[in-house]
Amino acid sequence: VRHLARKTGVVIPEKASSRAEKDQDSLREQLIRVNQVAAVHYASNLFSPGGMEAQAYLKQRAIRENVVREFRLGFALDGWRHLKDFLEKQAIPLKTAEQAGLLVAGKEASTYDRFRNRLMFPIEDASGRVVAFGGRNIGAGEPKYLNSPESEIYHKSKTLYGIFFAKKSIVQQDRCILVEGYTDVISFHAKGIENVVASSGTSLTIEQIRLIRRL
């Protein structure tokens, strides 16, 4: 509602918020910001010498560069603190990055990068905000896919990958194609079939069905 109001010049009366509600809203904004910064970092890595193996994988899947850039795909370099160092240079609080699931707590209050040597898929909500990430292992290690943990802004059961890119087409066609994973969505989209979303390997939930039904 606020998004539409800003576009149309409508002023929405704001109710008085409690301190706890304001703190919660502030945390959400911080988590979205750190995810956005991380998405930019991962995207730059993909088109660097360190991302050549991930680029080769995308070419093998016939995913063109324009689609890669549209979905903001990226690459997490193989190391324990590439993202951590980048966030520190951007003056991002490491605690916030940990709450977003980008960093993992180690021994003696240290932290390290959760995603390493992985092709990165930013997971966006219906408004196009990055709320989480999925990472596909490029090497031989396990797990094959690693997702962000649930957070204040990311609930897997309420999220559908690709919904931001698919919503216009879903409305126009009054039809939604449900697939399993990230690359499935992107492969369809690359062929011009855009009303496609993924449950990211989980069972379909009532919340996800409601999200589709709204469209």
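The values are calculated or read from the model by the stated rules, or taken from the named source; none is laboratory data. On a predicted model such as this, the values are computed, not experimentally measured, just so you know. Cβ atoms come from the backbone with ideal geometry, glycine included; neighbour counts cover every protein chain shown. Quick note on the areas: whole protein, heavy atoms, side chains included, nothing else; ligands and nucleic acids left out. Shrake-Rupley method; radii C 1.70, N 1.55, O 1.52, S 1.80 Å.
For the reader, a short list of remarks on this structure follows.
- The Cα center of segment 183-215 and the Cα center of segment 126-149 differ in position by 16 Å.
- The charge dipole of segment 19-125, taken about its Cα centre with unit charges on the Cβ of Lys, Arg, Asp and Glu (plus for the first two, minus for the last two), comes to roughly 200 debye.
- Straight Cα distances below 13 angstrom link Lys84 to the aspartates and glutamates Glu98, Asp113, with same-chain residues fewer than 8 positions distant left out.
- Computed from the C-alpha gyration tensor, the three semi-axes of the ellipsoid equivalent to segment 20-127 are 26, 18, 10 Å, from longest to shortest.
- Computed packing ranks the peptides 145-155, 116-126 as 116-126, 145-155, most packed first, by mean other Cβ atoms within 10 Å.
- Tail beyond 20 Å, pair distance distribution of segment 97-206 (Cα, percent): 44 percent
- Only the Cβ atoms of Lys and Arg (+1) and of Asp and Glu (-1) were treated as charged; on that basis the dipole of the chain about its Cα centre amounts to roughly 480 debye.
- Farthest positive-ward along the chain dipole, Cα basis, beta-carbon charges - from Leu178, Val1, Ser148: Val1
- The chain, helix-only ellipticity at 222 nm - DSSP H runs n ≥ 4, -39,500 (n - 2.57), divided by all residues, nearest 500: -12500 deg cm²/dmol
- For segment 21-146, the carbon plus sulfur part of the accessible surface works out to 50%, probe radius 1.4 Å.
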